[in-house]
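The values are calculated or read from the model by the stated rules, or taken from the named source; none is laboratory data. Note that this is a predicted model, so its numbers are computed, not measured. When we count neighbours, we look across all protein chains shown, and the Cβ atoms used for this are built from the backbone with ideal geometry, even at glycine. Only protein heavy atoms, including side chains, enter the accessible area calculation; ligands, DNA and RNA are left aside. Shrake-Rupley method; radii C 1.70, N 1.55, O 1.52, S 1.80 Å.
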Amino acid sequence: MKVYLQFLLIVSFVLNLISCGKKTETDAMGNPVEQKETSVNQTPEELGKELFEGKGTCATCHQAKAKVIGPSITAISKIYKDKKASIALFLKGEGEPLVDPSQYEIMKANFAITKSMTDEELDALETYMLSVK
Ligand code: HEC
């Protein structure tokens, strides 16, 4: 009987060791919690950059300083700062082209993407573009 108890003790000790080795976070109910990469600490500027280079595909036509297909980001942001205009509104299709109206049709095609974005995302794009030096 004594040996049997010792055996049980050892078994539970070993089981404990194994379960401690697994680093799964659990919630209050003991369910495993997934470790996600959260973007909680992302600033609007960082979100804007991510959208500009990613989902928005804006970087294909807009570079920081050089004109490629579209005007440079700094050329755009200078004009928007001077005129105190809103890039976010323009991207919603609610503004007038202020930078290069003759090429507006090319830019207009992107409203399909930007109109599907949330206000937060459009504001982030604006914040990013205005921050580019
Ligand atoms: C296919 C190329 C192309 C892509 C992609 C593109 N643009 Fe443009 N963009 C242009 C051209 C060309 C102009 C100049 C015409 C104009 O000023 O409206 C322009 C102009 C602009 C302007 C100035 C508008 C004004 O007042 O004249 C802003 C702001 C802008 N783009 C933001 C963006 C953002 C944000 C994205 C991504 C969501 C983007 N663009 C994607 C070609 C592009």
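Of the residues making up the stretch 107-120, those that are touching a residue at least 24 places away in the same chain (Cβ under 8 Å) and under 12 Å from CYS58 (Cα atoms) are MET107, ASN110, ILE113, THR114. Checking each residue in the stretch 58-84 for being near the ligand (Cβ under 9 Å from one of its atoms), assigned to a loop (DSSP other than H, G, I, E, B) and surrounded by 15 or more Cβ atoms within 10 Å (Cβ to Cβ) picks out CYS61, GLY70, PRO71. For the stretch 101-116, the candidate set comprises residues that are near the ligand (Cβ under 8 Å from one of its atoms) and outside any helix (DSSP H, G or I); within that set, the residue that is farthest from the chain's Cα centre (by Cα) is ALA109. With respect to the conditions (1) near the ligand (Cβ under 7 Å from one of its atoms); (2) modelled with pLDDT under 95, ASN41 lacks only one, and its number is (1).
Apart from one condition, LEU98 fits all of (1) open to solvent by 40 Å² or more (accessible area, probe 1.4 Å); (2) near the ligand (Cβ under 6 Å from one of its atoms); (3) under 16 Å from VAL132 (Cα atoms); the exception is (3).
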